[in-house]
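In what follows, a single structure is set out as structure tokens and then discussed.
The values are calculated or read from the model by the stated rules, or taken from the named source; none is laboratory data. Remember, it's a predicted structure, so these values are computed and weren't measured experimentally. Methodologically, a virtual Cβ is constructed for each residue, glycine included, from the backbone with ideal geometry; neighbour enumeration extends over all protein chains shown.
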Amino acid sequence: MENKSHAFWAGLFTVVLLAAIAMAAFLFNVDRSVRVPYDLIARTNVTGLYTDAAVRYRGLDVGKAQSIKFDPSHPGQILIRILVDTHAPITRSTFGSLGFQGVTGIAFIQLDDNGRDLSPLPSSAKNVAQLPMRPGLLDQLQRRGEVLLSKLEKVADDVDNLLSPEMAAQLQSTATSLQKAADGVATLTQQLGPAVGKLPGTIDQLDRTLASTNQLITGLSRPDGPFETNLNKVGTAAQQAGDALTTMNGSLQELSSKVGYDTLPRVNSLAEDVRSAARSVDRAADTFSTNPRSVLFGAPGAAPGPGEPGFRWPAAAAR
């Protein structure tokens, strides 16, 4: 009897312990958070996504995937029902995409927001709101795979052309030209060595020249300097010359007045007397050429005119 009682209590303790452990595990694992359902509308591949996959909002866990199924009203479209915590800031501009955990290939749902419309998006079990599902990184790579492959082929062709014998010969020629240019630069550097050695002395001489020039300019700019003094002398001489020209101009005006009002009338009178004498000489010459005797006997008398004694008409005389 004592052995049976001991075995009974041992078995009862074991059963109670196992029940307590199960209850504790259940209590610790039960999810007491309040979550709201949302439907993600996916038109791309959802490879690696499974039920109970994590839902993260910018890296923070906010829920899990409840179900993944096809949309019967839109062939090819996938409905992903997710349960999201009520404190998650789901707005009308929130969208989802697939993320991957390392290299395992297991996907999770990444929620993000572009900030275009920050008004909250309400949802409930009776009226489930929908969120768009954007392509993930792998989907974008798949879509652009053909373009990338074509570009890689072009790059490969360019590399083949670059490694062709003609291009290799051209590169060899270019390298030879660069070597010659480098040799020329080295020779030029050696030739410039003496000139570079004289450069400090030249700079010192240039500094002295600049100092002398500065001193000369300073001397010329002084009010009592030789340049200013000579300019004053030139100005005085120019003023005196101007006064002399003014005096000469007055004398010339006076002389012109005298010539115009005194000398010119006399010259005109003399010219008139000379013209009268010339006419008298002309008449005397005509008389002498017509009647030379007039020099000895004097000038003949004038012929009688009509009505004077001794006048005869030319016609009667002809008869």
Residue list for the range 55-71, restricted to those being small (G, A, S) and surrounded by fewer than 17 Cβ atoms within 10 Å (Cβ to Cβ):
G59, S67
Result of the Cβ filter at 7 Å on the range 275-287, keeping first residues that are surrounded by 10 or more Cβ atoms within 10 Å (Cβ to Cβ) and partners that are at pLDDT below 70 and of a type outside the set (S, T, N, Q), at least 6 apart or interchain, is T287/A299
Counted residues, the range 102-130 - those being within 18 Å of I78 (Cβ to Cβ) and part of a strand (DSSP E or B)
7
Taking the stated definitions as given, is L220 surrounded by 10 or more Cβ atoms within 10 Å (Cβ to Cβ) and either modelled with pLDDT under 70 or out of contact with any Phe, Trp or Tyr (no Cβ under 9 Å at 6 or more places or on another chain) (or both)?
yes
If you scan the range 116-134, which residues turn out to be more than 16 Å from D39 (Cα to Cα) and not charged (D, E, K, R)?
L118, S119
Strands (runs of 3 or more DSSP E) wholly inside the range 1-101 that include at least 1 residues being basic (K, R), modelled with pLDDT under 90 and in contact with a strand residue (DSSP E or B) (Cβ under 6 Å, 6 or more places away or on another chain):
35-42
